[in-house]
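Notes follow the structure.
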Amino acid sequence: MTTTTKGPAPTQPTSSVKRVHEHIVEIVSDSGEGAQKAGQTYGAVSAKMGNGVWTVEIIPAEIKPPARSRAGASGIRVRVGSEAVTNTGDEADLVVALNEQVLFGRIEQKAYKKGTIVLLENKWANDPREEVRRDYAAALAEFERIGLDVRQVPLEEACQKVAQDVRVGKNMFVLGLLCYITCREMERAMEEVAFVFAKKGDKVIQKNQDLIRAGYDFGAQVLSTRYEIPPRKTEQRLMVLNGNQAIALGVMAAGIEMVAMYPITPATSVSHHLAGAFKNVGGVVHQAEDEIAAMGFAIAASYAGKTACTVTSGPGLALKTEFLGLAVMAEVPLVIVLVQRGGPSTGLPTKVEQGDLLAALYGQPGDTPKIILAPATIEECFHFVITARKLAEAFRTPVMILTDANLATGVQPIPRPVPQAEWLAPPLDQSPWQKGVTAYDWDADTGLSPRPIPGQRGGEYVLTGLAHTKKAKVAYDPDSNQTGCAMRSRKLAVFGESLKPPQVHGADHGELLVVGWGSTLGSIEEAVDRARKQGLSVSSLHLRFLSPLEPGLKEIFARFRKVLTVEINYSDAPDAPHTTKDNRRIAQLAQVLRTHTLMDIDCWSNVAGQPIQPGAIHAELVRRLGKSKGEQ
Amino acid sequence: MFGLKDDWELEIPERYFTLEDYEGGTARWCPGCGDLAVLTAVQRICRDEQLPPEKTVCVSGIGCSSRFPHYMKTYGFHGLHGRAFPVACGVKSRRPDLKVFVATGDGDCCSIGAGHWVHGIRYNMDMVVMLFDNAIYGLTKNQTSPTSPQGLSTNTHPRGAWLPPLNPTSATLGFANVSFVAQTVDWNPLHLYHTLKAAYHHKGTSFVRIMQRCPTYTEKVFAELQKDPSHLLLLTGGDNPELDAASLRMFPNQQAHDSRDLHAARRIAEQQDPLPIGVLFRDPSRPCYEDFTTVGLGMSAADKLRGLEREFDKFSV
C-alpha cells in the first residue's frame, strides 16, 4: 500500500476482513534475522486459537550465508487452516520479505503464485550502495513480470520507532504485523513471547511485546484487507511440536534410557532436545566420537539389558551398516531413527528426500531382516518410537524408524498423549536364567527366543557376529547358518501376520491407486481429495510398515486399473533419452512393491529436495487420469 | 529372639568360584600362542577376585586375540573389527555393576579402531583393556600391522614393512584423560598376572599392552626379548606390584619409576631396548565417563511419569 519512506501516514485501521478457509504465510530473510522464531510463535498462536497449522522452516545449508543472496534464503512458512493441516501446501498467499534477493530463492522453489502478496522491506531502494539500489529495482521489475503483488513497506523505519537495534527486533515487529493482517489474537502472541523469553527477564519480554504491538498497529497502514481463518473448536489438549521433537518425546515416553548419536543434519535436533530434557526421565545422551561408535555403544547398552536408541541420517546409516548387520545377526533389540535427507553422498543435508528405503532394507551385506516403520505424521513420530521399542524387544531385533527432513522440521499441533507407566517398563528383570535354555533357544515355528542379559546367572553366552548355533557357539557347518538365517527371517513373517491390511483413502476400487509412505501423506490425500471432488477415480493408500509390508496389498492393488507410487526419491523420467520400459530405474517403494506383488507398479518421484506440494500431485493425477481415459 | 524372623539366616557366601568356572572350552589358538598365557592370567584374576561369571563381560573386536571371550565362561561380546572400545563403553554406560575385560589386537586397536582407541582412553570407563600386540595380522594370515617392525617381511610387504612401527604405549600416554598405562610380556606369567591385577584394581580404563608371541608369523620379533631378559627393564616402585625376591632375580635390569609422573612415563615409553615393563602411568583422579552416563539410573516409574508430564507441558497449548 504505502511506498513512502517518510514513515507511515497517521491513518487509523479501516481494513475490511475477508474470511478464508486457509492461508499460507511466509517470512523470508537473511539468516540470523529471527524469521523462524517469529514464524514459530505465529504458528503456536494459531494452534492455540484452534486452527490447523503446519509450519516448515526454510533453512539454508550454511550457518551464515552471505547477506542478500538467493541461496541464503532463511525463513519459515506457516500454513494455517480452519481444519487440520497435514502438509506445507502449495503457493504462499502472503510473504513478508526482508530483502528482495531471498525471494528469488523461493521463486525458484515454486513457492509463490500470481497474486501472492509480498510485503517487501523498501529500505534497499535508498541504500547507499549503487549496486544494491540497482538490484532492488531490477528485482521489482522481475517480480512484477511474474505477477507477484509487491507492496513496498518501510518495515525497518517503522520498527526503529520502538527499538534501538532493529536487526534483532524486526522479527517481532513482523510477527505483530502478521497477527494484524491474519486476525490472530495479539494477546496470545504476547503470552507466547513471555513464555519463550521467560529466562531472559522482563526487560527483554517487554521489548519484544512492544515490537509486536508496534507491528500490529502498523498493520492497518499496509493492507486494506485482513484475512480471517476461523478456527475449529476443539476440547482436546494439544501439543505443538516438530517431528524431531516428537521423536525425542517418544524416546522419553518409550522408556528408552540411552540415546547414542553423532551430530548429523537433519537428525541432530532430536538429541538437542533430549540433551536438556532426558535427565528428567532418567535418560542420557551419549555423543559418540563417530557414527560407528554411536551404533556400537547403543547396541552394547541394549546387550547389557538397557533400552537404547540411535538417531542418524543417510550418511550416518552408511557408516552404521556393519553394526546394523551385527544387531540383526546377534538379535539385539535396538531402535534406530533415520531422519532422511537428500542424497546420494553428502547430498542435500537440510532438504527432504525418501531416498534411504532400499539402504535401510538391503544396505547390509548378507540377509538382514529387520522391522522398518515409517511414520507419516508428527503424531506418529511420537507413537512409533514406543511401538518400535516394544517390537524390538518382542522380536529381539533392530527396528528402524524412517522419517525425513520434512517431518523433522514441520511443526503441527497434535493431541497431547497421556503417558503410560507400561511404556516405561524395563525390558527384563534380572532373575536367574532358566536352566537348560540356550542363548538362542529359537522356537522352530516362530524363530523367537528369550534373551539372556549380563547379570543373569546361567545365561552366560558370547554374542558374536559369526554364524552361530542355538547355544551361541560359532559354527561353520552348512546347516547352522541356514538355520540362523531362517529363524531371523521367520520372525518377520510372524510379525507380519499380526498386521492388518492398510486402509484405502477414497473408494476401495477404481482407476488409479496412489501409494505413498512417510511425510507425503498429507499432500497425497489432499491431492486425491481434490481430484475425487472433480470426479476423478483415484484413491490412495499410505504404508506405515515397510518391513514386513502390511498384508493384503496385492488384493487391494488388483481392484485398481493402475497403481502409482508418489515418492521423494529418484526415478528416471519415462521419456528420458535411452530410457525404455525395461531399463527405466524406478522409485524405491515401487521397486519393493513390484517385487512383493509381481504387479506393474508405476512411480512418480523427484529429488528436488522440497516437500511434494498437493497441487503438483493433483496436476499429475489429472494428467494421468485424463490420459488413461483417452486410452480407453 | 530379639524380634528376629524365624527364617533369618546368616548370609554366607554360597558360591566359591574355581578356575573351571571361567573356562569356556578349549582355546583354538595355535600351539605356543601367547594368547593362551593371557587367558590363563585373566581366569586366575577372576578366580582370585571371585568375580561372579554372570557379572563379568569380556568384550573384543575381531582378530586372533579377539576370540578371547569365547574361551571364557562369562558373558561375552565378540563384536566387529576395531569396535571393541565403543562396545565395552556401551556395556558399561548403564551397568556400572559389570566387570569388563577388553581383548583387542594391534590391528584391531591401533589400525581400524584407532579412532575409538583415542576416545575410549578419554572416556576412561572402568575396564581392563588388554592390547595383544603380536606385531602382525594373524587371522587374515600375515599382513603388516601398525606395530610390525620396519623391514618385517609380510604378505603385504614381502620386501619388508616400509615404515617404522607405531608405539601403542607412548601413543596412549598422549591421549587426553589417560589414567593407567602398563606394559608386560606374555611369557612371564608372574609379571603378566600382577600387571593385569594392578590394572583390574584401577578405577578407570587400564590400558595394558602385552607383547604377545605369534609362533606362526612373528616368532622372531620377540625371540631376543624372550631369550635374554636383559632386553627388558622392570619398572619398580610407584603403582607397580611388589614382586618377591625370587621373581625380582629374573630381571637383571630394574628401575624405580614414579608412575604418577606423566612426563617420566612418556620418556620411558619411548624406550625400546631394554623394553620397559610394568605400570608406566597411573592417575586415579581422572574423571570416568560412567559418572555422567549413569545419572538417572534407578529413577522410579512415578518420577519418570511426572518428568514426562512436565516435558509434555513444554509443548502444550
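The values are calculated or read from the model by the stated rules, or taken from the named source; none is laboratory data. These figures come from a predicted structure and were not determined experimentally. FYI the Cβ positions are ideal-geometry reconstructions off the backbone, even for glycines, and counts take in every protein chain you see. Just so you know, the surface numbers come from the protein's heavy atoms only, side chains and all, with ligands and any DNA or RNA stripped out. Shrake-Rupley method; radii C 1.70, N 1.55, O 1.52, S 1.80 Å.
Dividing the convex hull volume of the alpha-carbon atoms in the protein assembly as shown by its residue count gives 236 Å³ per residue.
Computed on segment B:169-231, the Cα convex hull volume stands at 98 Å³ per residue. The charge dipole of the protein assembly as shown, taken about the Cα centre with unit charges on the Cβ atoms of Lys, Arg (+1) and Asp, Glu (-1), comes to about 1360 debye, rounded to the nearest 20.
Exceedance of the 26 Å cut-off in Cα-Cα distance is limited, within the set A:Lys306/B:Lys99; A:Lys123/A:Lys203; A:Lys320/A:Lys390; A:Lys48/A:Lys113, to A:Lys123/A:Lys203; A:Lys48/A:Lys113.
Accessible-area rank, largest first, for B:Tyr123, A:Tyr42: B:Tyr123, A:Tyr42, with all protein chains present and a 1.4 angstrom probe.
Counts of other chain beta carbons within 10 angstrom of each beta carbon in peptide B:92-105 average 4. Taking the convex hull of the alpha carbon positions in segment A:239-424 and averaging its projected area over all directions gives 9.1 nm².
In angstrom, the C-alpha Rg and Dmax of chain B are 21.8, 83.
For the pair segment B:120-159 and segment A:360-425, the centres of their Cα atoms are 40 angstrom apart. Per-residue ellipticity at 222 nm, computed for the protein assembly as shown from helices alone with -39500 (n - 2.57) per DSSP H run of at least four residues, works out to -10500 deg cm²/dmol. Excluding ligands, DNA and RNA, what is the accessible area buried between chains B and A, summed over both sides, using a 1.4 Å probe, to the nearest 100 Å²? Chain pair B/A: roughly 4900 Å² of buried accessible area.
Each label was represented as a point 7 Å from its Cα along the Cα-to-Cβ direction; for B:Lys203 and B:His231 these points are 4.0 nm apart.
Once the 1.4 Å probe is applied to the protein heavy atoms, segment B:19-291 comes out at 37 Å² accessible per residue.
Among B:Leu196, B:Gly120, B:Ala264, whose Cα projects farthest towards the positive end of the dipole of segment B:19-291, with charges put on the beta-carbon of Lys, Arg (+1) and Asp, Glu (-1)? Checking the options against the dipole of segment B:19-291, the answer is B:Gly120. Taking chain B as the reference, fit the longest principal axis to its C-alpha atoms, fit the long axis of helix B:301-315 to the helix C-alpha atoms, and give the angle between the two in degrees, 0 to 90, nearest 10. On a 0 to 90 degree scale, this one is about 90. If only the Cβ of Lys and Arg carry +1 and only the Cβ of Asp and Glu carry -1, the dipole of segment A:51-160 around its Cα centre is close to 140 debye. Helix A:243-253 and the long axis of chain A differ in direction by around 50°, with both axes built from C-alpha atoms. Taking only protein heavy atoms and a 1.4 Å probe, the accessible area of the protein assembly as shown is 53% carbon and sulfur.
Across segment B:122-128, computed HN-Hα scalar couplings (Karplus, 6.51 cos²θ - 1.76 cosθ + 1.60, θ = phi - 60°) run 5, 4, 6, 7, 6, 6, 9 Hz from first to last residue, x flagging Gly and Pro.
In segment A:325-391, how does Rg compare with the Kirkwood Rh, expressed as the Rg/Rh ratio over alpha carbon atoms? Radius of gyration relative to Kirkwood radius: 0.99. Secondary structure note: in chain A, about 35% of the DSSP beta bridges are antiparallel.
Here the relative contact order of chain B, from alpha carbon pairs under 8 Å that lie six or more residues apart, stands at 16 percent. The magnitude of the dipole of chain B, with charges of +1 and -1 set on the Cβ of Lys/Arg and Asp/Glu and taken from the Cα centre, is near 900 debye.
Taking the charge dipole of segment B:15-104 about its Cα centre, with +1 at Lys and Arg Cβ atoms and -1 at Asp and Glu Cβ atoms, the residue from B:Val87, B:Ile45, B:Tyr16 reaching farthest to the positive side is B:Val87. Between A:Thr446 and A:Val622, residue separation times 0.36 nm minus the direct Cα-Cα distance comes to 58.7 nm.
For the residues of A:450-460, the average number of beta carbons from a partner chain within 10 Å of their own beta carbon is 5. In this structure, the amide hydrogen of A:Glu228, modeled 1.01 Å from its nitrogen in the peptide plane, lies closer than 5 angstrom to those of A:Lys18, A:Arg19, A:Val20, counting only residues at least 5 positions away or on a different chain. Qualifying GluC sites (Glu not before Pro) in segment A:21-89, where qualification requires a DSSP coil assignment and no more than 15 other C-beta atoms within 10 Å, comprise A:Glu62, A:Glu83.
Each principal axis of the Cα cloud of segment A:280-347 was evaluated for its coordinate range; sorted largest first, these ranges are 36, 33, 19 Å. Largest first, the three principal axis extents of the alpha carbons in segment A:121-180 are 33, 28, 14 Å in whole numbers. Taking a quarter of the surface of the Cα convex hull of segment A:16-228 gives a mean projected area of 11.3 nm². Taking all protein chains together and rolling a 1.4 Å probe, A:Tyr216 ends up with roughly 50 Å² accessible. Listed cross-link partners A:Lys279/B:Lys314; A:Lys370/B:Lys73; A:Lys471/B:Lys92; A:Lys170/A:Lys207 are compared with a 19 Å cut-off, the Cα-Cα value being larger for A:Lys370/B:Lys73; A:Lys471/B:Lys92. For A:Lys581, the lysines whose Cα comes closer than 16 Å to its Cα, not counting residues fewer than 8 places off in the same chain, are A:Lys562. Sparsely packed loop sites in segment B:244-312 (the trypsin sites (Lys or Arg not before Pro) outside DSSP H, G, I, E and B with at most 13 other Cβ atoms within 10 Å) comprise B:Arg249. Of the chymotrypsin sites (Phe, Trp or Tyr not before Pro) found in segment A:399-505, those that fall in a DSSP loop while having at most 10 other beta-carbon atoms within 10 Å are A:Tyr476.
For chain B, take the longest principal axis of its alpha carbons; what is the angle in degrees between that and the long axis of helix B:35-49, to the nearest 10 within 0 to 90? Around 40 degrees separate the two axes. Each of A:Cys485, A:Leu238, A:Ala301 was scored by the projection of its Cα onto the charge dipole of the protein assembly as shown, and the greatest displacement toward the positive side belongs to A:Leu238; charges sit on the C-beta of Lys, Arg, Asp and Glu.
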